[in-house]
Amino acid sequence: MTYTGEVTVGGPPDTREAGDLQITKIAVGPMANNAYLLRCALTGEQVLIDAADEAPRLLELIGDGGLARVVTTHRHGDHWQALSAVVEATGAETVAGEDDADELPVPVDVRVRTGARVRVGSCELEVIEIVGHTPGSIVLAYDDPDGITHLFTGDSLFPGGVGRTWSPDDFIRLVNDVETKIFDRFDDDTWFYPGHGDDSTLGAERASVPDWRARGW
């Protein structure tokens, strides 16, 4: 079946193949958060992005393949309600942005900044710090050697706009980072996977960036 990225709380996950990386998206409640299980097709190693909630469903998704690490995109509680349970059940290494790590409910084994790499077996994710939604939010980029780039954007970028901010200064930081570190760097066919809701491509959103900036926070 064709991947759409349109998942609902309580509904089935959706999976796509991105070269050697398999991406499975699932929505968990009660705040309709997206979690992403990444699996290397060559080694079987698995990494979870945002153990947001509903630990039993996430553990069922992980299955018997084990979990090498959990990456948390930012400090907000709706993105880590299941983190303690998932780590306890799997022994997974924890990864988070340096400036959000102290706000998580478990010790963070690997604190990352821009340019760091997160392994998923033979595949590699690049860390990009995007400041504004929180001080330590991160985006993860997977560049499929035989395909397109895939971005896991947390709550920094959604279809239709950047994430929520709580001051004009934070909004300016966020929209600047999104424009310079994401839109100015990656091609239109780049697919992004947000922390809530449907996916999109940079090409579908690019023309609206000036409107987002003018709209303000």
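Can you tell me which residue in region 40-59 is farthest from the chain's Cα centre (by Cα), limited to those that are buried (at least 22 other Cβ atoms within 10 Å of the Cβ) and under 16 Å from Val118 (Cβ atoms)? So that I can check it myself, show each step before the final result.
Kept after step one, since they are buried (at least 22 other Cβ atoms within 10 Å of the Cβ), are these residues of region 40-59: 46-54, 58.
From the residues that got through so far, the ones that are under 16 Å from Val118 (Cβ atoms) too are 46-51.
Details: Gln46: 15, Val47: 11, Leu48: 9, Ile49: 6, Asp50: 7, Ala51: 10 Å.
The qualifying residue farthest from the chain's Cα centre (by Cα) is Gln46.
Are any residues in region 202-217 farther than 14 Å from Phe158 by Cβ, exposed (fewer than 14 other Cβ atoms within 10 Å of the Cβ) and in contact (Cβ under 8 Å) with a residue 24 or more places away in the chain, and if so, which ones?
The answer is Gly216, and nothing else.
So, Gly121, is that one buried (at least 18 other Cβ atoms within 10 Å of the Cβ), in contact with a His (Cβ under 9 Å, 6 or more places away or on another chain) and at pLDDT 95 or above or not?
Details: buried (at least 18 other Cβ atoms within 10 Å of the Cβ): yes; in contact with a His (Cβ under 9 Å, 6 or more places away or on another chain): no; at pLDDT 95 or above: yes.
For Gly121, the condition - buried (at least 18 other Cβ atoms within 10 Å of the Cβ), in contact with a His (Cβ under 9 Å, 6 or more places away or on another chain) and at pLDDT 95 or above - is not met.
Search region 188-201 for residues being surrounded by 14 or more Cβ atoms within 10 Å (Cβ to Cβ) and without any contact (Cβ under 8 Å) to a residue 60 or more places away in the chain, and hand back the single one that is nearest to Ala35 (Cα to Cα). Even if it seems obvious, please write down each step before you answer.
Just the residues of region 188-201 that are surrounded by 14 or more Cβ atoms within 10 Å (Cβ to Cβ), to begin with: 190-201.
From the residues that got through so far, the ones that are without any contact (Cβ under 8 Å) to a residue 60 or more places away in the chain too are 190-192, 200-201.
On the way: Thr190: 19, Trp191: 16, Phe192: 13, Ser200: 16, Thr201: 18 Å.
Ranking the candidates gives Phe192 first.
Restricting to region 124-135, name every residue that is over 16 Å from Phe183 (Cβ atoms) and either at pLDDT below 95 or surrounded by 24 or more Cβ atoms within 10 Å (Cβ to Cβ) (or both).
Matches in region 124-135: Leu125, His133, Thr134.
Looking only at region 171-201, count how many residues are in contact with a helix residue (DSSP H, G or I) (Cβ under 6 Å, 6 or more places away or on another chain) and within 26 Å of Ala52 (Cα to Cα).
The qualifying residues number 2.
Only one of (1) touching a residue at least 40 places away in the same chain (Cβ under 8 Å); (2) in contact with a Pro (Cβ under 7 Å, 6 or more places away or on another chain); (3) among the hydroxyl-bearing types (Ser, Thr, Tyr) fails for Thr24. Which number is that?
(1)
Please specify each residue of region 1-21 satisfying the condition of being surrounded by fewer than 18 Cβ atoms within 10 Å (Cβ to Cβ), without any contact (Cβ under 8 Å) to a residue 24 or more places away in the chain and within 21 Å of Val86 (Cα to Cα).
Val9, Gly10, Gly11, Pro12, Thr15
Restricting to region 152-163, what's the tally of residues that are within 14 Å of Asn33 (Cβ to Cβ) and out of contact with any Leu (no Cβ under 8 Å at 6 or more places or on another chain)? Give the derivation first.
Initially, region 152-163 is screened for residues within 14 Å of Asn33 (Cβ to Cβ), giving 152-155, 158, 163.
With out of contact with any Leu (no Cβ under 8 Å at 6 or more places or on another chain) added as a condition, the list becomes 153-155, 158.
Selection size over region 152-163: 4.
Given the condition surrounded by 19 or more Cβ atoms within 10 Å (Cβ to Cβ), in a loop (DSSP other than H, G, I, E, B) and not aliphatic (A, V, I, L, M), answer yes or no: does some residue in region 22-38 qualify? Break it down into steps so the answer makes sense when it comes.
Initial filter on region 22-38 (surrounded by 19 or more Cβ atoms within 10 Å (Cβ to Cβ)): 23-28, 33-38.
Narrowing the set further to residues that are in a loop (DSSP other than H, G, I, E, B) leaves none.
No - not one qualifying residue is present in region 22-38.
Test Pro56 against the criterion of being over 17 Å from Leu21 (Cβ atoms) and in contact (Cβ under 8 Å) with a residue 12 or more places away in the chain, and give yes or no.
no
The values are calculated or read from the model by the stated rules, or taken from the named source; none is laboratory data. Quick caveat, the model's predicted, so the values are computed rather than measured. Note that each Cβ is placed from the backbone with ideal geometry, even for glycine, and that neighbours are counted across all protein chains shown.
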